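Colleague: Pasting a structure below so you can have a look.
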Amino acid sequence: MRRVSRLVLRHRRALSALCVALAVWLALAELGADPPGDRVVVAADDLPSGHVLSRSDLRTAVVARAPSRTVDAGDLVGRTVAAPMRAGEPFTDVRLAGPDLLEALGDGTVLATVRVADPESLAALGVGDEAVVVASDPHGEAGSRVVTREARIVSLPPPRDGAVVVGLGVDEATALSISSASLRGPLSLLAVG
């Protein structure tokens, strides 16, 4: 025992340096380790609807559990955001305008567009929401009528002066009804509660 004590005392500086080096190495190894969870691509900043994505809009983050159908960074550049996104929100197929969003709604879904004269009326609506499409008689004689109660919003441009065009996911017969109604007068969208 005395012999070990003398050996430790004689080499205490070397042993201290070895312990410090080991502690530093363990700390650096822990810092370099990936945290538990799934790595996904998220919005680097708040993004408006209709924004075309560039590399600077993207960053990676680790989340406890990735949402289904996330999109890789290489597939995002040049794509259009379908609705406003918050910084840190993961990119999924339904957050992007285009065919992926329609495919997510199911077979037989087509894109119908509705020109809405009052952009402020869209404040209560978001991408993925169900909406009622209402046709109004421009002369006020026939009143208003419901064109469809089953329209899913697939794109919602940012509000700006004048009319905006909203993309709706509907079946083909409903798209034809919406198109026909839009020729006769203005259309409105109502949120479904």
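Colleague: Which whole-Hz couplings ³J(HN,Hα) result when phi for each residue of the range 169-181 is put into the Karplus expression 6.51 cos²θ - 1.76 cosθ + 1.60, θ = phi - 60°, listed in order with x for Gly and Pro?
Modeller: x, 9, 7, 4, 4, 5, 4, 5, 5, 5, 4, 5, 5
Colleague: Sticking with this one: How far apart, in nm, are two points set 7 Å out from the Cα along the Cα-to-Cβ line at THR80 and at ARG184?
Modeller: Inter-label distance under the simple model: 2.9 nm.
Colleague: Could you go through the range 68-80 in sequence order and give the Karplus-derived ³J(HN,Hα) for each residue, using 6.51 cos²θ - 1.76 cosθ + 1.60 with θ = phi - 60°, rounded to whole Hz, and x for Gly and Pro?
Modeller: Result, ordered by residue: 6, 6, 6, 10, 6, 4, x, 9, 9, 4, x, 7, 10 Hz.
Colleague: Further question on the same structure: Determine, from the Cβ-Cβ distance of HIS139 and ASP46 and an R0 of 30 Å, the FRET efficiency 1/(1 + (r/R0)^6), rounded to the nearest 0.05.
Modeller: So, using R0 = 30 Å, E works out to roughly 0.10.
Colleague: OK, next. Could you work out the local net charge near THR70, counting Lys and Arg as +1, Asp and Glu as -1, over the other residues with Cβ closer than 9 Å to its Cβ?
Modeller: Numbers: positive: ARG69; negative: ASP38, ASP72, ASP93.
Its environment carries a net charge of -2.
Colleague: In nanometres, what is the gap between the two model label sites at ASP118 and ARG55, each 7 Å from Cα along Cα-to-Cβ?
Modeller: Roughly 4.6 nm, to one decimal.
Colleague: Peptides 51-61, 84-94: what's the order by average Cβ count within 10 Å, highest mean first?
Modeller: Ranking the peptides 51-61, 84-94 by packing returns 84-94, 51-61.
Readers should treat all values here as calculations from the given coordinates under stated rules, not as data from a laboratory. Keep in mind the model is a prediction, meaning the values are calculated, not measured. Heads up, the Cβs are rebuilt from the backbone with ideal geometry, glycines too, and the neighbour counts pull from every protein chain shown.
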